[in-house]
Amino acid sequence: MSLLQRLLRQNRLTSSQIAKDRLKMVLIHDRSDLSPGMLEALKDEIIATIGKRVQVDPARVTFSLEQDGRTSRLVADIPLIPKMR
Amino acid sequence: MQGFTGGDSQGFCHMSARVITITSGKGGVGKTTATANIAAALAQLGNQVVAIDADVGLRNLDLVMGLENRIVYDLVDVIEGRCRLRQAMIRDKRTDGLYLLPAAQTRDKTAVSPSDMVLVCDELRPSFDYILIDSPAGIERGFRNAIAPADEVIIVSNAEVSSVRDADRIIGLLQADEKGAPRLIVNRIKPDMVAAGDMLAIGDVLDVLMIELIGTVPEDDQVIVSTNRGFPVVLENHSLAGEAFRNIARRIRGEEVPFLSLQQNRGLRGWLKKLRGGGK
Ligand SMILES: Nc1ncnc2c1ncn2[C@@H]1O[C@H](COP(=O)(O)OP(=O)(O)OP(=O)(O)O)[C@@H](O)[C@H]1O
Ligand SMILES: [Mg+2]
């Protein structure tokens, strides 16, 4: 998405949509008792643990908390670097 | 404990009240207003109702119900044995079947324990159809006292980020307490702001909290006027908030009542929005 497109999109968001998005994010963390900072720390620990066995590319790891009803689900996507032969 | 039953049943009654606690997390969202109005509406529908003010130290339900001049004893007097329960109950002379059990004003929440509340409610249950408990804000002792005897919980929120977040915290605590699913009142809705995209719509709040809605109440100047007078707004016929609270009372009784449409596009901004095709 270009910067211009992003600005236009940003412009169209009403304050209530912004409120809803912010609420959804904050509640995911409230409900799981995992702050964004702790989530980052957890991500580093998991990458380090997995990295002991296989090679992972830390830059491409995505890590997120998602809602599943009223419970939160931790979703990690950890691409492995193919082994050089 | 006969005598609360309006005389017609001569103490011969088989009632067993449902205890419903009205709480919120965040302060000032309308718990006391909702308690006073739903209690009056349930009594108007022919039920025996007692409203208990569990906000010990910051009592207000008496004032909102217009019964502040008739208090002799209070909840803490009952608990500490200075009077019998029926002596502390105030009968609302304007509405048949409506009673108030006031909170103490000069004590704090630690004067009451959750088990005290359970005992008081158990003593009241046989004589009433509904016991409504006005919870204090917060998640500490006062909240614990208020929910201890509850069969059902109603959470009040405004359509605004902080009160929705706090409502979510309450929902989590109730889940941990195995209290059964609470229901939600969204209070002080401004339809014009919702239409203009500047206030969370009911659907947004429900999407986020994922609980059942029991009512929506618009922002209504009549609430303030009626609170000034100590005369619940449900007793007036021509107010939107009054109608909303009456509908909530009927839903509590198990009636199917359609939700008031508060979200139609109204006013100039709503109209402009419709022109732009942005209305939902
Ligand atoms: N639907 C409404 N329209 C207009 N004003 C309202 C409405 N509901 C409540 N209010 C006003 O909002 C204020 C706070 O209401 P209320 O005292 O019922 O809140 P509360 O949740 O009991 O507060 P606390 O947490 O301090 O106990 C009061 O001045 C009341 O008149
Ligand atoms: Mg109050």
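When region B:142-170 is filtered for residues that are open to solvent by 10 Å² or more (accessible area, probe 1.4 Å), in a helix (DSSP H, G or I) and within 15 Å of ligand 1 (Cβ to nearest atom), the ones remaining, listed by number, are B:Ser162, B:Asp166, B:Arg169. Looking across region A:22-31, just one residue is more than 10 Å from chain B (Cβ to nearest Cβ) and open to solvent by 40 Å² or more (accessible area, probe 1.4 Å), and that is A:Met25.
Here region B:182-197 is the region considered, the condition is being assigned to a loop (DSSP other than H, G, I, E, B) and at the interface with chain A (Cβ under 10 Å from one of its Cβ atoms), and the residue that is most open to solvent (accessible area, probe 1.4 Å) is B:Ala196. Taking the numbered list (1) away from ligand 1 (no atom under 16 Å from the Cβ); (2) crowded, with 22+ Cβ neighbours inside 10 Å; (3) farther than 15 Å from B:Ala43 by Cα in turn, B:Ala103 passes all entries but (1). Only one of the numbered conditions (1) in contact with a strand residue (DSSP E or B) (Cβ under 7 Å, 6 or more places away or on another chain); (2) among the small types (Gly, Ala, Ser); (3) open to solvent by 40 Å² or more (accessible area, probe 1.4 Å) is not met by B:Ala137, and that is (1). Among residues of region B:216-242 being open to solvent by 20 Å² or more (accessible area, probe 1.4 Å), in a helix (DSSP H, G or I) and of a type in the set (A, V, I, L, M, F, W, C), the one that is farthest from the other protein chains (Cβ to nearest Cβ) is B:Leu235. For region B:21-89, the helices (runs of 4 or more DSSP H) that sit wholly inside it and include 2 or more residues that are polar (S, T, N, Q) are B:31-44. What residue, among those in region B:48-98 that are among the polar types (S, T, N, Q) and more than 16 Å from ligand 1 (Cβ to nearest atom), is least open to solvent (accessible area, probe 1.4 Å)? Going through the qualifying residues, I end up with B:Thr95. Each residue in region B:123-141 was checked for being in a helix (DSSP H, G or I) and closer than 19 Å to B:Tyr73 by Cα, and 2 pass. With respect to the conditions (1) out of contact with any strand residue (DSSP E or B) (no Cβ under 9 Å at 6 or more places or on another chain); (2) more than 15 Å from ligand 2 (Cβ to nearest atom), B:Leu63 falls short on a single one, namely (2).
Could you list, in sequence order, the residues of region B:193-220 that are within 14 Å of ligand 1 (Cβ to nearest atom), in contact with a helix residue (DSSP H, G or I) (Cβ under 6 Å, 6 or more places away or on another chain) and either within 20 Å of A:Ile28 (Cα to Cα) or not aliphatic (A, V, I, L, M) (or both)? Within region B:193-220, B:Gly215, B:Thr216, B:Pro218, B:Asp220 meet the criteria. Does B:Leu213 satisfy the condition of being open to solvent by 50 Å² or more (accessible area, probe 1.4 Å), more than 14 Å from chain A (Cβ to nearest Cβ) and hydrophobic (A, V, I, L, M, F, W, C)? No: the conditions fail for B:Leu213.
If a residue must be at pLDDT 95 or above, within 16 Å of ligand 1 (Cβ to nearest atom) and buried (at least 17 other Cβ atoms within 10 Å of the Cβ), how many such residues does region B:9-41 contain? Of the residues in region B:9-41, 19 are at pLDDT 95 or above, within 16 Å of ligand 1 (Cβ to nearest atom) and buried (at least 17 other Cβ atoms within 10 Å of the Cβ).
The values are calculated or read from the model by the stated rules, or taken from the named source; none is laboratory data. Note that the structure is predicted; figures quoted are calculated from it, not measured. When we count neighbours, we look across all protein chains shown, and the Cβ atoms used for this are built from the backbone with ideal geometry, even at glycine. SASA here: full protein model, heavy atoms, side chains in, ligands and nucleic acids out. Shrake-Rupley method; radii C 1.70, N 1.55, O 1.52, S 1.80 Å.
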